[in-house]
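Okay, structure first, notes after.
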Amino acid sequence: MMNHVTIVGRLTKDPEFEYTQSGIARARFMVAVNRPFKNKDGEQEADFISCVAWRKTAENLANFMTKGQLIGVEGRIETGSYEKNGTRIYTTTVVADSVQFLEPKVVSAEPEKKERVRPRKEKVMSEDLPF
């Protein structure tokens, strides 16, 4: 049997990061994924997919990803249910095995202005190379 999912979309809000009671890092997040077609009114629709990441992947999400950034997620679908006010609620979540940051991190210099972080270009001297 196979349970594998790959999605690419944008974060709907900053990841919700926490440590479980046993000290394991967890990040919950939602990804908006555009459907490959438009509705009858010609409007683009999207699906909002709940995801969870654990351990180092969760820490990296919390440290480097923010609302609106493009992200790729590979993982598996996990379903569950719980009772709320006597009603059974069913859940579907993507458990992320791998997360790809598909845009550079945005650094805020001022609340209104955002600037992309670019790697510094340093001149490498041939005598600095180990070979």
Fill in: Of all residues in region 38-84 being over 30 Å from Gly23 (Cβ atoms) and among the polar types (S, T, N, Q), the one that is farthest from the chain's Cα centre (by Cα)
Asn39
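Under the condition of being in a strand (DSSP E or B) and of a type in the set (Asp, Glu), which residue from region 1-37 is nearest to the chain's Cα centre (by Cα)?
Narrowing region 1-37 to residues in a strand (DSSP E or B): 5-11, 16-19, 25-37.
Imposing the further condition that a residue be of a type in the set (Asp, Glu) reduces the set to 16, 18.
Details: Glu16: 11, Glu18: 15 Å.
Once the filter is applied, the top-ranked residue is Glu16.
No value in this document is a laboratory result; all are computed from the given coordinates. None of these values were measured; they are calculated from a predicted model. Every residue, glycine as well, gets a Cβ built from its backbone with ideal geometry; the counts of neighbours run over all protein chains shown.
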